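The values are calculated or read from the model by the stated rules, or taken from the named source; none is laboratory data. Remember, it's a predicted structure, so these values are computed and weren't measured experimentally. Here the Cβ positions follow ideal geometry from the backbone for every residue, glycine too, while neighbour counts run over all protein chains shown. The accessibility values were calculated without ligands, DNA or RNA, using every heavy atom of the protein model including side chains. Shrake-Rupley method; radii C 1.70, N 1.55, O 1.52, S 1.80 Å.
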Amino acid sequence: MRQATGQSRSPGKSIMLTSGFAVALAAVLIPFYWLVVAGTHSTADIFGSPPPLLPGDHLGENLASLQETASFGQVVLNSLLIAAVYTVCAGLVCTLAGYAFAKYRFKGRNVLFGVLMLGLVIPNQVTLVPLFQMMADWQWLNTYQAVIMPNLALPFGIFLMRQSMAALPDELLDSGRMDGCGEFRVFLRVVLPPMKPALAALAIFLFLFQWNDFIWPLIVLRDSGSYTIPVALASLQGVDDTDYGAILAGTAIAAVPMALVFLALQRHFVSGLLAGAVKE
Amino acid sequence: MTTSAPQARTAPPPARRKAGRQRPRRSGRRLAPYLFLLPAAVLFAVFKLYPIGRSFFLSLYKSVDGVDRYVGLDNYERLMDDPLFWTALRNTGVILVIQVPLMLALATGLAVALNSALLRARAVFRLGFFLPMITGLVAYGIIFSVLLNQQYGLANWLLSLVGAGEVPWLTDPLWAQISLGLALTWHYTGYNAVILLARLQTIPSELYNAAAVDGAGAWQSFRHVTLPGLRPALLLTTVLSTIGTLQIFDEPYILTRGGPDNATLTIGVYLYQNAFQYFDFGYASAIAYVLAVLIGVLGLIQFRVLGDKS
């Protein structure tokens, strides 16, 4: 019945369905709109009656307050740096491993892949305490590497890459080998170029994952100068006299690059996610 | 020179190829996957496998006056008698039994509609409904906690316009659970719809045509064509949602800190409290292991129930 053939058979039904969806979408998007509005008002205004429904002129003061209470400039810098380095390093680790699983038959392949997928199923909380102790022993608390290193070999990323690489024809790789390329050059010159959409999807995913990650940075970053954005925002919340104008301005700012990246590359993101998600 | 170089590349002398190059290249090919896997394997072993093992070891110890003492299964026994653990388990179970099925039903409807030719501007809707999924948990936790403020929040103000009374969204135990469910649904429905939508697009349209020829209505073709076709994706979303729900931490931590009156205390929050507020690592590790076993058992059951026929 509902194949997307592009032809609407009944205009009346179509308009009803579309307007119903428009209402639902508006409801889903209200929090975003409201976030932007609230971030530009003072806390007193936000909790006034009636609440503000249009953007105000308090953004500057909110940002100044954020800078003062949470060194927000440093926090944004921490987040950007951690997310960027993580994306590049984890991208490399996951792509190499995904390629090995997708394109080579070797002894122990199934066992290794099975062990890796165990990582998808075992809850992260199981490893939190020992990981924290390791970081403390190595004196890595409050460092960037403490946030970055433990999740570099991300099972989901490896899975995603394996699925995408599996679609690459073997003949292409063999032709590279015929041309005298070594295995790593084949990977670099033959495999990577056509994988650009999948790599874009992986990169967005990794960046968002790290940008938004909360519990692990919360645990290893103990000094407010090393906080990432989510940790800093959460630390501001719940203190007496919480400055919600400032927190919401910070939240809105944190969401802007994310939304831009997503809007620009969403086609890759969704299709890349699907490649990893649906194959059985 | 200009002619000999490409020639040597495309057609090397057979003798040279056999003797000099093919063997090392083959062994390179044998070694290559292990080299490619090396970084991932080392990192995974150090930062995942070792902590998983270490966690079990920790769960057998108890820290007394700063000294770790082996206590066997004491931590697990303590869990069984800990009312807070059972509260956390029950709260997590409620989300699992009520919120997850509702959300997956909603996601299925959303995916079907997003795939329907009757819907105009499908691209806009797809994008819009998926936006919440990229929002960080802390960000949306903060947004919701302000929106749902009892006295001053936008939600209650909107309700007051239609004459409804104040809803104690985050301060009443039952409403706090409902609020948590709403926030979770808002965040994850789009994500699940993406997975279901992809699967939906692989169902051949001939099946729908055949159903129509047999006189099936919209509901019947949904029930007999769409749902069976969706089975693998439904299994995946069910398993992922179950794993995610059992581990749930960020939302209750940000929205309610597990309150009021422990109504939104989940296993994830309770584990965090024990580990990083009371520094009772042994007990926290025991909770983590019970959680891991639960996830394993539930995952297996779901595979059995949903996975068999495909």
Inset, instruction - For the range B:63-69, just list the computed ³J(HN,Hα) in residue order, Karplus coefficients 6.51, -1.76 and 1.60, θ = phi - 60°, integers in Hz, with x standing in for Gly and Pro. - result: 8, 10, 6, x, 10, 7, 10
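In the range A:143-272, what percent of the accessible surface is made up of carbon and sulfur (1.4 Å probe, ligands and nucleic acids excluded)?
Numbers: 3070 of 4990 Å².
Carbon and sulfur: 62 percent of the exposed surface of the range A:143-272.
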Legend entry - Anchor A:LYS103: aspartates and glutamates whose Cα lies under 16 Å away (excluding residues fewer than 8 positions away in-chain): A:ASP170, A:GLU171, A:ASP174, A:GLU183
Inset, instruction - Specify the residue with the greatest mean-square fluctuation among B:LEU182, B:LEU96, B:LEU43, computed from a Gaussian network of chain B linking alpha-carbon atoms under 10 Å apart. - result: B:LEU43
Inset, instruction - Assuming a ≥ b ≥ c are the square roots of the Cα gyration tensor eigenvalues, decide whether chain A counts as rounded (a/c under 1.5), prolate (otherwise, with a/b larger than b/c) or oblate. - result: oblate
Legend entry - Other protein chain Cβ atoms within 10 Å, averaged over every residue that makes up A:180-192: 2
Inset, instruction - Whenever you get a sec, compute what percent of the accessible area on chain B sits on carbon and sulfur atoms (1.4 Å probe). - result: 64
Inset, instruction - Name the long-range amide H neighbours of B:TYR61: under 5 Å, sequence gap of 5 or more, or other chain; modelled H, no Pro or chain starts. - result: B:VAL71
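Given a Förster distance of 30 Å, report the FRET efficiency between A:LEU92 and A:ARG177 from their Cβ-Cβ distance, rounded to the nearest 0.05. Provide the component values of the computation, followed by the final result.
Working: r = 22 Å, r/R0 = 0.73.
The pair A:LEU92/A:ARG177 has a calculated efficiency of 0.85.
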Inset, instruction - Take chain A, connect every pair of alpha-carbon atoms lying under 10 Å apart with a spring to form a Gaussian network, then pick out the residue of A:GLY20, A:GLY98, A:GLY73 with the largest mean-square fluctuation. - result: A:GLY20
Legend entry - Amide H within-cut-off set for A:ASP243, under 5 Å, with H built and near neighbours excluded: none
Legend entry - Choice from A:ILE15, A:ILE219, A:ILE229 showing the highest fluctuation, given a GNM over chain A with Cα pairs closer than 10 Å: A:ILE15
Inset, instruction - Compare each residue of the range B:125-139 in its chain alone against the assembly with all protein chains, and report those whose accessible area goes down by 20 Å² or more; 1.4 Å probe, heavy atoms. - result: B:PHE125, B:LEU127, B:GLY128, B:PHE129, B:PHE130, B:LEU131, B:MET133, B:ILE134, B:THR135, B:GLY136, B:VAL138, B:ALA139
Inset, instruction - Report ³J(HN,Hα) in whole Hz for each residue of the range A:11-17, in order, from the Karplus equation J = 6.51 cos²θ - 1.76 cosθ + 1.60 where θ = phi - 60°; Gly and Pro get x. - result: x, x, 4, 4, 5, 4, 4
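Would you work out the relative contact order for chain A, in percent, from Cα pairs under 8 angstrom that are 6 or more residues apart?
30
Can you sort A:MET117, A:MET135, B:MET80 by solvent-accessible area, 1.4 Å probe, largest first? Before the final figure, lay out the partial values.
Working: A:MET117 35, A:MET135 0, B:MET80 100 Å².
Reading off the accessible areas and sorting them downward yields B:MET80, A:MET117, A:MET135.
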Inset, instruction - Give a residue-ordered list of calculated ³J(HN,Hα) values for the range A:141-149 (Karplus: 6.51 cos²θ - 1.76 cosθ + 1.60, θ = phi - 60°; whole Hz; x for Gly, Pro). - result: 4, 6, 10, 5, 5, 5, 6, 7, 4
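Please compute, for peptide B:46-59, the average count of beta-carbon atoms on other protein chains lying within 10 Å of each residue's beta-carbon.
Numbers: counts 5, 10, 14, 6, 4, 12, 6, 2, 7, 8, 2, 1, 3, 2.
Shielding by partners across B:46-59 averages 6.
What quantity of accessible surface, computed with a 1.4 Å probe and excluding non-protein components, is buried in total between chains B and A, in Å² to the nearest 100? Show your work: numbers first, answer last.
Values: alone 19640 and 16820 Å², together 27610 Å².
Adding both sides of the contact gives about 8900 Å².
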